[in-house]
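The values are calculated or read from the model by the stated rules, or taken from the named source; none is laboratory data. Computed from a predicted model, the values in this text were never measured in an experiment. Note that each Cβ is placed from the backbone with ideal geometry, even for glycine, and that neighbours are counted across all protein chains shown. With ligands, DNA and RNA removed, areas are computed over all heavy atoms of the protein, side chains included. Shrake-Rupley method; radii C 1.70, N 1.55, O 1.52, S 1.80 Å.
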Amino acid sequence: MSSFPIDRLSKLETPFYYYDTDLLRQTLSEIRRATQRWPHFHVHYAVKANANARLLSIIREAGLGADCVSGGEIEAARQALFPPQGIVYAGVGKADWEIRLALQTGIFCFNVESMAELEVIDQIAAHEQRVASVCLRINPDVGAHTHANITTGLAENKFGIAMSDMLPVIDRMRSMHHVKLVGLHFHIGSQILDMGDFEALCNRVNELQHLLEQRHIVLSHINVGGGLGVDYQHPDRVLLPDFDAYFRTYARLLRLRPGQQLHFELGRAVVAQCGSLITRVLYVKQGAHKQFAIVDAGMTDLIRPALYQAYHKIENISAPEAPRETYDVVGPICESSDVFAKQIDLPRCQRGQLLAIRSAGAYGEIMASQYNCRRLPGSVTADELR
Ligand SMILES: *Cc1c(COP(=O)(O)O)cnc(C)c1O
């Protein structure tokens with residue numbers, strides 16, 4: 001059972017996100033420890049998982065780069081003082097203003113997802129009198145054993161350049177003067193716990209590098225994306241993702257060329273476990289067949305259960321020792337999918353008590369919406385409550 005500063009939290013207006021910034025720092029130092037044997041490993045934080053300014057500052061202080069998927073994320077990264085040379089930028093639909101912003105910011109590299117995009121970057125860079133460093137995002141047709149909505153590396157997905165187009169695109173680049181090919185980029189999906197999926201990616205990258213080598217093309221950077229998952233079932237027993245297993249898989253299987261740098265883009269694994277959505281019980285209602293705990297947070301505050309049928313552990317942090325009863329925990333939104341959990345056992349709930357919806361630091365606050373004209377959830381860190 002985790003420890004929440006319940007006295008402090010119960011004075012705040014709910015719902016809000018609570019971030020255990022000590023756990024975030026511990027996670028970041030674990031990443032540092034797990035990678036220190038390999039100075040050519042570079043970890044970027046995937047800003048889309050959570051762009052909370054306080055978390056971004058802590059992550060930047062730990063020395064990670066930033067992986068952005070929009071102009072807005074590049075702005076958020078810059079506001080948090082991430083150095084431009086540590087910023088990578090992916091996305092299937094980069095708008096002209098976003099490309100211009102990235103060029104003016106002087107980011108490290110564009111992860112380019114189509115021939116059409118490459119031509120536009122070349123034109124805009126010419127106009128800006130700059131040369132854009134580019135990694136080609138290749139769709140490796142490697143499946144990830146995760147939820148269908150969060151696989152990205154299958155041939156059927158919209159992401160990346162088909163493997164069969166890699167060499168033709170590189171040939172076309174020879175006549176472009178404002179883009180410079182520096183590497184290849186991949187990202188196969190999210191919430192991946194089976195190291196076999198990352199092994200399959202390594203094998204694919206090795207094949208493609210072999211193909212390039214036959215053409216005497218040597219690239220200085222390989223970026224294997226992110227996707228390492230966390231344990232949503234046991235957020236206390238397994239506080240930290242298995243970073244050792246993850247990085248060792250790449251160290252063991254990926255055949256890098258001399259001097260080649262290896263980049264990672266981790267989002268969920270960095271921030272998921274440090275965040276909880278704190279919500280208040282509004283009503284306990286006896287339905288025809290079951291009992292509902294109706295809370296003041298809804299799918300507008302945390303959409304993962306409604307969107308991906310995702311599981312989040314829920315705790316009654318006001319009365320952890322009360323006798324347990326069975327509840328559906330539901331929000332106030334006018335949608336039947338606004339359900340956080342069905343038929344779970346919780347210490348008996350009463351109006352006014354606080355529940356913690358755990359492992360909500362990634363793809364939680366950042367995906368909040370104002371549907372039903374609701375207010376966006378607030379946030380507080382452990383640092384601020386000291
Ligand atoms: C979403 C995303 C990531 C991060 O994925 P996680 O599963 O949160 O680690 C990394 N790279 C790209 C290109 C992404 O779109």
Within the set Ser57, Ser220, Ser336, GNM on the chain using Cα springs under 10 Å gives the largest fluctuation to Ser336
Leaving out ligands, DNA and RNA, and with a 1.4 Å probe, what % of the accessible surface on the chain is carbon or sulfur? 50
Total charge of the residues flanking Leu28 in space, meaning their Cβ is under 12 Å from its Cβ, with Lys and Arg +1 and Asp and Glu -1, is +1
Calculate for the chain the 222 nm mean residue ellipticity that helices alone would give, adding -39,500 (n - 2.57) per DSSP H run of length 4 or more and normalising by residue count, nearest 500 deg cm²/dmol. -8500 deg cm²/dmol
Counting only residues 5 or more apart in sequence or on a different chain, those whose built amide H sits under 5 Å from that of His185 are Leu136, Arg137, Ile138, Asn223
Relative contact order for the range 73-167 using alpha-carbon pairs under 8 Å, separation at least 6, rounded to a whole percent? 24
Under the rule of at least 5 residues apart or a separate chain, name every residue whose amide H is placed under 5 Å from the amide H of Ala341. Val329
Once the Cα atoms of helix 21-35 and of the chain are each reduced to a long axis, what angle between those two axes, in degrees from 0 to 90 to the nearest 10, is obtained? 30
Relative contact order, percent, the chain [alpha-carbon distance under 8 Å, six or more residues apart]: 20
Backbone HN-Hα couplings from phi across the range 199-213 [Karplus 6.51/-1.76/1.60, Hz, Gly and Pro as x]: 4, 4, 5, 4, 4, 5, 4, 4, 4, 5, 5, 4, 4, 5, 4
Note down the relative contact order for the range 1-100 as a percent, whole number, built from C-alpha pairs under 8 angstrom at least six residues apart. 22
For the range 187-194, what does the Karplus curve 6.51 cos²θ - 1.76 cosθ + 1.60, with θ = phi - 60°, yield as ³J(HN,Hα) per residue in whole Hz, taken in order and with x for Gly and Pro? 7, 9, x, 9, 6, 9, 10, 8
Let me know the number of lysine pairs in the chain closer than 28 Å at the Cα, not counting same-chain pairs under 8 apart. 14
Test item: Cα-centred dipole of the range 302-378, Lys/Arg +1 and Asp/Glu -1 on Cβ, debye: 100
Alpha-carbon centroid distance for the pair the range 61-104 / the range 184-246, whole angstrom: 21
For the chain, dividing by residue count, accessible area per residue (probe 1.4 Å) in Å² works out to 43
Determine ³J(HN,Hα), in whole Hz, for all residues of the range 161-178 in sequence, where each value follows from phi through the Karplus function 6.51 cos²θ - 1.76 cosθ + 1.60 and θ = phi - 60°; x replaces Gly and Pro. 9, 4, 4, 5, 9, 4, 5, x, 5, 4, 4, 4, 5, 4, 9, 9, 9, 10
Spin-label pair Gln233/Gln104, simplified geometry with 7 Å Cα→Cβ offset, distance in nm: 5.0
Of all DSSP beta bridges in the chain, antiparallel share, percent nearest 5: 40
Among His263, His216, His185, which one shows the biggest mean-square fluctuation in a GNM of the chain, springs joining Cα atoms closer than 10 Å? His216
Rounded to the nearest 20 Debye, what is the dipole magnitude of the range 239-347 about its Cα centre when Lys and Arg each give +1 and Asp and Glu each give -1 at the C-beta? 560
Which far-off residues, 5 or more places away or on another chain, put their amide H under 5 Å from the one on Phe108, with H placed in the peptide plane? Gly86, Ile87
Ranked highest first by average number of other Cβ atoms within 10 Å, how do 71-81, 315-325, 354-364 line up? 354-364, 71-81, 315-325
Candidates Leu302, Leu211, Leu184: whichever shows maximal mean-square fluctuation once the chain is modelled as a Gaussian network with Cα springs under 10 Å: Leu211
Could you work out how far the C-alpha centroid of the range 167-183 sits from that of the range 316-386, in angstrom? 49
Going by average Cβ density within 10 Å per residue, which order do the peptides 376-385, 272-281 take, highest to lowest? 272-281, 376-385
